[in-house]
Amino acid sequence: MSAPRFADRTVLITGGAGGIGRAVASGFAAQGARVAIVDVDLHNAQGVADSLSAEHGVEAAGWAVDVSNREAVVGLMAEVNARLGGPNIVVTLAGGSLGTPKDLSEIEADDVDLVVDVNVKGTFYCAQAAASYFTAGDCIVTVSSIGGRQPSPVTGVPYAAAKAAVLGLTRRMARELGPRGIRVNAVAPGLFLTGRLQQMYDAMPEAERREVLDAIPLDRFPELREIVDPIMFLASVEASYITGVVLDVNGGRFMPQ
């Protein structure tokens, strides 16, 4: 019988207590990974970790860290290494529009700073700190968005700019870390209606909601597994010769040339 897909690997997931984060963590744990759950709320992070250990019998632990705090991130990686080993795989899900306004006229300087700090700086700090522990075969999966690929009907300019920046960051890191055998790829999800995004969508007028759905060729919103599986693929040996790419997961709403 073959070993589980991610046996003897430590996966660190930022934003790991959110809806997508929990699903991603469960996917990795089901395939034998040790899992570090990172979120801003320790109770939620540890709760997810405890449930993974109980359900899948893997080592898991939770940490409360603001990923936009570089010193905190550096300390986090050292603690994860000491407790779980690695990390070998980092998935940077922490981010989003973070409750900031969508309309241009309502966006304040603090809104821009918050979104850029968490999405861009947080992704960079986590990747930079984790790279100190990486060896050949380890990898990073960053999380951009369809909103960083084309204008989004539910998020504002800071989010679009931040998620576009994540793609540039991903390509540059892939180039720099590639000679060490380390891969860096991105996923760009479409509208996975969890948390704040569900609230934003629900608040839209019916005509606008219908317009959003009509723009998706598959004519439906995705299931959580449909972002979990692409992330796990990019983190796996099956993607061992793939680096510096963005995998669009949006039901055909955005089709790059």
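The values are calculated or read from the model by the stated rules, or taken from the named source; none is laboratory data. All values derive from a computational prediction rather than experimental measurement. So basically every Cβ, Gly included, is an ideal-geometry build from the backbone, and we count neighbours across all protein chains shown.
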_Which pairs turn up if I take residues in the range 237-255 that are on the phi > 0 side of the Ramachandran plot and look for partners that are small (Gly, Ala, Ser) with beta carbon separation below 8 Å, at least 6 apart in sequence or on another chain?_
244/174; 244/178; 251/190
*Residue selected from the range 216-257 under the condition at pLDDT below 90 and not charged (D, E, K, R), by the criterion surrounded by the most Cβ atoms within 10 Å (Cβ to Cβ)*: 221
*Go through the range 133-160 residue by residue and tally those that are in contact (Cβ under 8 Å) with a residue 40 or more places away in the chain, over 30 Å from residue 85 (Cβ atoms), crowded, with 21+ Cβ neighbours inside 10 Å and of a type in the set (Gly, Ala, Ser).*
2
*Scan of the range 94-107 for residues that are of a type in the set (D, E, K, R) and either in contact with a Gly (Cβ under 8 Å, 6 or more places away or on another chain) or closer than 26 Å to residue 126 by Cβ (or both), ordered by number*: 102, 103
*Since residue 164 meets every condition but one in (1) loosely packed, with under 15 Cβ neighbours inside 10 Å; (2) at pLDDT 95 or above, which condition does it not meet?*
(1)
*Provide a single number: the residues in the range 1-40 that are farther than 14 Å from residue 141 by Cβ, touching a helix residue (DSSP H, G or I) at 6+ places or on another chain (Cβ under 9 Å) and among the charged types (D, E, K, R).*
4
*Tell me, which helices (runs of 4 or more DSSP H) lie completely within the range 11-101 with 1 or more residues that are touching a Pro at 6+ places or on another chain (Cβ under 7 Å) and crowded, with 19+ Cβ neighbours inside 10 Å?*
70-84
